[in-house]
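The values are calculated or read from the model by the stated rules, or taken from the named source; none is laboratory data. What you see is a predicted model, and the numbers here were worked out from it, not measured in a lab. For neighbour counting, all protein chains shown are included, and Cβ atoms are generated from backbone atoms with ideal geometry for every residue, glycine included.
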Amino acid sequence: MRAVDLIKAKRDGARLSAAEIGEFLTAVTAGTVPDYQVSALLMAILFRGLDDAELTAWTEGMLRSGEVVDLSSVRGSKVDKHSTGGVGDKVSICLAPLVAACGVRVPMVAGRGLGHTGGTIDKLESIAGFQVSIPIARYREILSQVGAVIIGQTDQIAPADRKLYALRDVTGTVESIPLIAASIMSKKLAEGIDALVLDVKVGQGAFMKTEAQARRLAEALIGIGERMGKPTVALLSDMEQPLGLTVGNALEIAEAVEVLEGKGPADVRELTLELGTEMLQLGRGLAHDEARRELEARLTSGAGLQKLLAMVEAQGGDPKVLENGGAGLPKAPEKMSIAAPRGGRVQSLNAELVGQAAMLLGAGRETLDDRVDPAVGVVLQHKIGDAVLAGDALATIHGRTKGIGQAMLLLERAYRIEDRPAAARQLMVGRMQSRIGGSQ
Ligand code: URA
């Protein structure tokens, strides 16, 4: 294989064979193709796309670049959830233990935040002692004993994706539906799962800004799951405004705990229940309403919260920091609110700007090497549809000195307030599923 021949073929709209793709990705993993040729092929794919057969070969090549975790020794069905990335999305932290409390095992390999979007791993690291890098043998053990485990990506899982993602990030080739789909699915299929539920975000704060784009991404993801024999369901959910009322690592952990205490914001609770219902349907074959009732009962009884505490302890964290509304989590020294410039109804609340404000405070990272500050972030007092009076606090910054001025400006721009009533937003935008497994 000569990389230049593949680049020219894709540039001119030809199909690449499975063998060519496999050889190319083996060479990428071995580091024997120069970055400029890898980048050129990625750009050709961004413009020309990949058909189903090419996409399957590309995903398999990335999957084979590392190990597929063998979970056959763990009894019961194993179902994971993956979100395509958003602002204020702390759902994995409530969902994994809640679903585990209902008897479906959740082996989760989660990501770190990048740019304006947050990452589950950064959030969990705000719990003192919590280990996100643990040997695969221990990952398996916690999954057996507790039922839920959440770790960060390891060198063994789809290493080709690390290389490709780093190049895509700096060559303007992130926004390609087949490349996003292969990147996500290669990592998820490496976890050793039986089935997968996807939360495909749509709106200003998401990669996919329109419902049509989100549906195309969901189709690509589901198609890969189907061809690899894994029942896959995708829920499309709104990411026009942040999810819940907190954006920032420790703040979001506290909100996830609130949800597991049977409280918390309605949207975080609802999305957790909707995704959990799909996971129980796939993992235990329950009917929709039965699955939902079980999840609600585990919220009310506190069984989901007990699972979270058990998972935190098993992963080296101190569960006591989560008591009393997360009183032991890191706290920022400064709090400053932005005030409504006028009265009226909140018409829009730009999730991307809120995410950027949190990032400037230190809650997120611009490059993968930046360190995050677990304590800082933003608490929203008002969301779309709320009535406000001039001077009311709209949002409060929890910060140190870093970035406060710029974050305040971004938050002021994020809110649009007008006199007219605001159009209600639907949290759940759509549902799609593979032709294997799952229910209607
Ligand atoms: N998340 C991923 O894991 N990969 C992408 O390409 C985009 C989002």
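Tabulated values for the structure
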| read-out | value |
| --- | --- |
| Only listed residue being on the phi > 0 side of the Ramachandran plot, of a type outside the set (Ser, Thr, Tyr) and either touching a Pro at 6+ places or on another chain (Cβ under 7 Å) or within 16 Å of the ligand (Cβ to nearest atom) (or both), chosen from Gly147, Gly115, Gly152 | Gly115 |
| Count of the stretch 148-172 residues which are farther than 26 Å from Ala314 by Cβ and either within 16 Å of the chain's Cα centre (by Cα) or surrounded by 20 or more Cβ atoms within 10 Å (Cβ to Cβ) (or both) | 5 |
| Criterion violated by Phe130 - all others in (1) more than 26 Å from Ile21 (Cβ to Cβ); (2) aromatic (Phe, Trp, Tyr); (3) in a helix (DSSP H, G or I) satisfied | (3) |
| Any chance Leu361 is in contact (Cβ under 8 Å) with a residue 60 or more places away in the chain and in contact with a Gly (Cβ under 8 Å, 6 or more places away or on another chain) | yes |
| Extreme residue, modelled with the lowest pLDDT, among residues of the stretch 192-212 that are within 13 Å of the ligand (Cβ to nearest atom) and out of contact with any His (no Cβ under 8 Å at 6 or more places or on another chain) | Phe207 |
| Counted residues, the stretch 196-250 - those being of a type in the set (Ser, Thr, Tyr) and either surrounded by fewer than 24 Cβ atoms within 10 Å (Cβ to Cβ) or more than 18 Å from Thr117 (Cβ to Cβ) (or both) | 2 |
| Residue within the stretch 288-305 that is in contact (Cβ under 8 Å) with a residue 40 or more places away in the chain and under 24 Å from Asp122 (Cα atoms) present | yes |
| Any hit, the stretch 251-266, residues being modelled with pLDDT of 95 or more, surrounded by fewer than 24 Cβ atoms within 10 Å (Cβ to Cβ) and touching a strand residue (DSSP E or B) at 6+ places or on another chain (Cβ under 6 Å) | no |
